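The next block holds one structure in the form of structure tokens; read it before the comments.
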Amino acid sequence: MRDIRLVNVSKAFGKEAILNNYNLTVPAGNFFVLLGPSGCGKTTILRLIAGFEKADRGKIFLGEQDISDLAPNERNINTVFQNYALFPHLNVFDNIAYGLKVKRVDQDEIAERVIKVLSTVHLEKQTYKTIDQLSGGQQQRVALARAIINEPDVLLLDEPLAALDLKLREKVLVELIELQEKLKTTFIYITHDQDEALVVADKMAIMNYQGQIEQIGGPDEIYDRPRTAFVANFVGQTNLLKGTLVMTDNWIVQLDRLGLAMPALESWIKPEVQGHKLKFSLRPEKIIIQREQVNLQGYENYIAGQVVSVIYHGKSTIYRVQVGMDLILQVFEQSRSNLEEFFVGDSLWLCWRSKDVVLLQD
Ligand code: ATP
């Protein structure tokens with residue numbers, strides 16, 4: 001198993017710089033997700049790794065091997081495209097066998113390998129159907145089977161579920177996780193769907209425009225400790241607060257407009273930031289609503305507010321609560337039968353733990 005590394009890679013199309021000195025290491029055997037807004041350069045990165053595009057500068061390594069100048073078929077890397085790119089006139093067996101036939105692999109070996117891979121993706125019963133006789137999910141699995149039959153070091157997946165409806169996407173996502181665990185192949189998966197990314201990723205890189213990586217980490221790290229306002233907003237929803245860092249016996253945050261001070265717990269805080277204005281993220285589901293102020297163990301911060309809107313989502317409700325002259329906090333409440341309902345105009349109290357307020361580094 002070999003990791004994949006992009007080192008100081010730059011790529012422009014005409015005058016448009018897409019990647020500028022881009023560096024990325026994807027550990028071997030990882031289900032790695034590149035998540036970012038449309039047009040930030042995700043597909044370009046996959047195409048560079050696959051060899052369909054050539055970098056203007058920089059190198060790409062598979063393990064210790066420099067693959068920057070190799071043709072796509074000389075790299076042990078396969079791609080599952082968004083539109084699957086299957087041959088409509090061939091049946092499932094022949095679609096999957098195609099690459100092996102081109103390589104003039106022995107007939108018996110082809111049959112053996114196709115049958116094995118059909119069983120891996122649970123398509124045994126569809127072997128002799130043509131592509132247009134398959135459902136969207138089955139077509140997606142043929143594309144996967146065709147990509148894994150060569151046992152690549154790396155499998156690139158470019159929004160492979162985009163053509164599927166929501167229910168099917170959820171099912172195929174689970175199948176993909178199980179497949180990757182079974183094969184132990186490195187998967188590099190691109191999406192702009194943050195929920196999908198959180199579900200599948202061992203590690204994820206959050207990209208901003210022009211290929212800038214904002215943060216790399218496990219899903220829980222990205223969600224619970226976002227480093228920048230972009231990450232906090234792009235992955236999940238959040239309340240962005242502003243405040244000032246002050247050094248007393250310990251570091252304290254004074255939150256603007258709330259009249260609240262709380263301990264600043266981030267390990268990266270350095271003396272230079274004394275007096276700095278910073279942004280903070282507080283996830284809406286970390287806030288608890290109370291009718292009256294009741295001290296809860298572990299909850300240090302209490303503030304009075306008034307409900308300005310209620311948005312019902314079935315499994316949850318979003319309350320927008322005015323807590324200062326010009327500050328509104330969003331609060332998510334999971335729908336549970338024993339929870340009290342609140343209405344527009346209700347006065348209430350919000351409380352949260354200091355440790356759930358994340359200091360952002362931008
Ligand atoms: P999406 O999520 O919408 O697929 P993406 O993050 O994958 O977006 P890319 O497809 O990598 O983004 O495109 C990044 C930028 O590069 C875009 O502005 C796009 O217009 C431009 N681009 C990509 N390929 C080419 C090309 N062959 N010629 C010119 N510009 C290109």
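For the reader, a short list of remarks on this structure follows.
- Taking the range 4-234 and dividing mean pair separation by its residue count, relative contact order in percent (alpha carbons under 8 Å, at least six apart): 28 percent
- In this structure the amide hydrogen of A17, modeled in the peptide plane, comes within under 5 Å of no amide hydrogen from residues 5 or more places off or on another chain.
- Remark on R283: its backbone amide H falls under 5 Å from those of N239, a criterion applied only to residues 5 or more positions apart or on other chains, H modelled at 1.01 Å from N.
- Rolling a 1.4 Å probe over the protein heavy atoms gives the chain an accessible area of 50 Å² per residue.
- Cα radius of gyration and Dmax for the chain (Å): 24.9, 76
- Couplings for the range 68-78, taken from phi via the Karplus curve 6.51 cos²θ - 1.76 cosθ + 1.60 with θ = phi - 60°, read 3, 9, 7, 6, x, 6, 9, 9, 7, 9, 10 Hz in order; Gly and Pro are left as x.
- Projecting label points 7 angstrom from Cα along Cα→Cβ for L240 and K129 puts them 4.7 nm apart.
- Cβ-Cβ distance of K279 and A162, R₀ of 51 Å, FRET efficiency by 1/(1 + (r/R0)^6): the value works out to about 0.95.
- H192 exposes around 100 Å² of accessible area when a 1.4 Å probe is run over every protein chain in place.
- Across L24, L46, L155, mean-square fluctuation computed from a Gaussian network of the chain (C-alpha pairs under 10 Å connected) peaks at L24.
- Converting phi to 3J(HN,Hα) with the Karplus coefficients 6.51, -1.76 and 1.60 and the offset θ = phi - 60°, the range 320-330 yields 9, 10, 6, 10, x, 3, 9, 10, 10, 9, 8 Hz in sequence order, with x at every glycine or proline.
- Prolate/oblate/rounded label for the range 69-109 (Cα gyration tensor, a/c 1.5): oblate
- Distance in nm between pseudo-label sites at L339 and S119 (7 Å out along the Cβ direction from Cα): 4.7 nm
- Relative contact order %, the range 1-122, counting alpha carbon pairs below 8 Å whose residues are six or more apart: 21 percent
- Set K101/K171; K286/K315; K116/K167 screened for pairs whose C-alpha atoms are more than 25 Å apart: K101/K171; K116/K167
- Accessible carbon and sulfur surface of the range 4-234 relative to its total accessible area, %, 1.4 Å: 49 percent
- Computed accessible area, S335, all protein chains, 1.4 angstrom probe, square angstrom: 60 Å²
- HN-Hα J in Hz across the range 200-207 - Karplus 6.51, -1.76, 1.60, θ = phi - 60°, x for Gly and Pro: 8, 6, 6, 9, 9, 10, 9, 9
- Exposure ranking of M207, M247 by accessible area [1.4 Å probe, largest first]: M247, M207
- Here is what passes the span test in the chain: the DSSP H helices with alpha carbon length of 24 Å or more along the helix axis and a Kyte-Doolittle mean of 0.0 or above are 166-183.
- Given R0 = 30 Å, the distance between the Cβ atoms of S354 and Q306 translates into a calculated FRET efficiency of 0.80.
- Shape of the range 292-338, Cα gyration tensor, a/c cut at 1.5: oblate
- Dipole of the chain, positive direction: furthest Cα of F230, Q297, V253, with charges on the beta-carbon: F230
- Considering only alpha-carbon pairs that sit under 8 angstrom and 6 or more positions apart, the relative contact order computed for the range 66-131 is 43 percent.
- Exposure check, 1.4 Å probe, all protein chains in place: K171 carries approximately 110 Å² of accessible surface.
- Student exercise, the range 239-359 dipole from Lys, Arg, Asp, Glu Cβ charges, in Debye to nearest 20: 300 debye
- Antiparallel bridge percentage (DSSP; both residues within the range 136-257; nearest 5): 65 percent
- Cα shape, the range 239-359, gyration tensor, a/c 1.5 rule: prolate
- Annotation: peptides 132-138, 352-358, ranked by per-residue average of other Cβ atoms within 10 Å with the highest first, follow the order 352-358, 132-138.
- Here is the list for the range 17-56: trypsin sites (Lys or Arg not before Pro) lying in DSSP coil, each with at most 12 other C-beta atoms within 10 angstrom of its C-beta, are K54.
- In this label model, M325 and I177 are separated by 4.8 nm, measuring between points 7 Å along each Cα→Cβ vector.
- Residue among V142, N78, Q215 farthest towards the positive dipole end of the range 4-234, charges placed on Cβ: N78
- Among Q334, F13, Q65 the positive-end extreme of the charge dipole of the chain (Cβ point charges): F13
- The chain, helix-only ellipticity at 222 nm - DSSP H runs n ≥ 4, -39,500 (n - 2.57), divided by all residues, nearest 500: -7000 deg cm²/dmol
- Within the straight-line cut-off of under 18 Å between alpha carbons, the aspartates and glutamates reachable from K184 are D3, E151, D153, E175, D202, sequence neighbours fewer than 8 places apart in one chain being disregarded.
- Debye, to nearest 20: dipole size of the chain, +1 on Lys, Arg Cβ, -1 on Asp, Glu Cβ: 420 debye
- Length released on extending from F13 to D362, taking residue separation times 0.36 nm less the Cα-Cα span: 122.7 nm
- C-alpha center-to-center spacing [the range 186-222, the range 311-351] in angstrom: 30 Å
- Estimated at 0.36 nm per residue, the fully extended path between N76 and Q107 surpasses their Cα-Cα distance by 9.0 nm.
The values are calculated or read from the model by the stated rules, or taken from the named source; none is laboratory data. Not measured: the values here are computed from a predicted model. Note: ideal-geometry Cβ built from the backbone for every residue, glycine included; neighbour counts use all protein chains shown. Side chains included, ligands, DNA and RNA excluded: accessible areas come from the protein's heavy atoms. Shrake-Rupley method; radii C 1.70, N 1.55, O 1.52, S 1.80 Å.
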